[in-house]
Amino acid sequence: MQIFILFILNSPLDSCARKAGMPVAIAPAGSPATGTIPAGPDLTFRRDKMKNMQKGFTLIELMIVVAIIGILAAVAIPQYQTYVAKSQVSRVMGEAGSLRTSSEVCLLEGRTTVHSNLPAGTDPAATDCDLQASASSVLTGAAQGNGVAAPAGTGYPTVTLSGSADSTIVATFGNSAAAQLTTAGSNTLTWTRNQQGTWTCTTSVDSKYRPAGCGAGS
């Protein structure tokens, strides 16, 4: 009677058996003889269950993500608001400052009756100063003299010209300006010309919104 001995293919015992001429039954891959667990309904169920358990985030992970987003927002939003406010002050500093040239011309010619922006075709009087100002969305202020009315949601700077005292260009923040700039008493930017012809910028806004070249003042 032949004896069949079950050996693992290519194992040392398998080689010895072959040399001795003993018949060898090779265990098929995946059988218990190879040391692996045969696949079955129970193993498949457990494997699928583990896969399902690994999907998605846990509640703790989601809470950590929400907390991180909250911290980042708490830091970033105030910094962004400060940036917007400061950029608007810089913008108004330039817009109001652009009226210095026309103001100088009017002062040199003795024309001190200010009009923000006379309608096209208007023949100004000898004392009229047509500033040709542009309305700004971050300012509040009506047109001076016979100037064209500011469109809704915009305003003009207020200009005062004098041949015997300081002249001023006062811009008052409002309309679309940042909320930090519209508080009464701290919402103006002023260009002042002294009798020597020197212009100086001052502003009443908080120091963290002041651009370089514009100091504290009312």
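The values are calculated or read from the model by the stated rules, or taken from the named source; none is laboratory data. Bear in mind that the values here come from a model prediction, so they are computed numbers and not experimental data. All Cβ positions, even for glycine, are placed from backbone atoms using ideal geometry, and neighbour counts span all protein chains on display.
Return yes when V89 is of a type in the set (V, I, T), under 18 Å from R210 (Cβ atoms) and surrounded by fewer than 20 Cβ atoms within 10 Å (Cβ to Cβ) and no when it is not. Can you show your working first?
On the way: of a type in the set (V, I, T): yes; under 18 Å from R210 (Cβ atoms): yes; surrounded by fewer than 20 Cβ atoms within 10 Å (Cβ to Cβ): no.
Answer is no for this residue.
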One residue from A85, A135 being hydrophobic (A, V, I, L, M, F, W, C), touching a residue at least 60 places away in the same chain (Cβ under 8 Å) and closer than 19 Å to L189 by Cα: A85
Members of the stretch 166-186 that are modelled with pLDDT of 95 or more and assigned to a loop (DSSP other than H, G, I, E, B): D166, G174, N175, S176, A177, A178
Hits in the stretch 171-197 - residues which are closer than 16 Å to G97 by Cβ and surrounded by fewer than 17 Cβ atoms within 10 Å (Cβ to Cβ): T192, N194, G197
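Taking the stretch 106-126, which residues are surrounded by 12 or more Cβ atoms within 10 Å (Cβ to Cβ), without any contact (Cβ under 8 Å) to a residue 60 or more places away in the chain and not charged (D, E, K, R)?
Taking the stretch 106-126 and keeping what is surrounded by 12 or more Cβ atoms within 10 Å (Cβ to Cβ), we get 106-107, 111-118, 122, 124.
From what's left, without any contact (Cβ under 8 Å) to a residue 60 or more places away in the chain: 106, 111-118, 122, 124.
Across the stretch 106-126, the qualifying residues are C106, T112, T113, V114, H115, S116, N117, L118, T122, P124.
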Residues of the stretch 127-136 classified as surrounded by fewer than 16 Cβ atoms within 10 Å (Cβ to Cβ) and farther than 19 Å from A165 by Cβ, total: 2
Residue list for the stretch 76-134, filter: part of a loop (DSSP other than H, G, I, E, B) and under 32 Å from the mean Cα position of the chain (by Cα): S98, L99, A133, S134
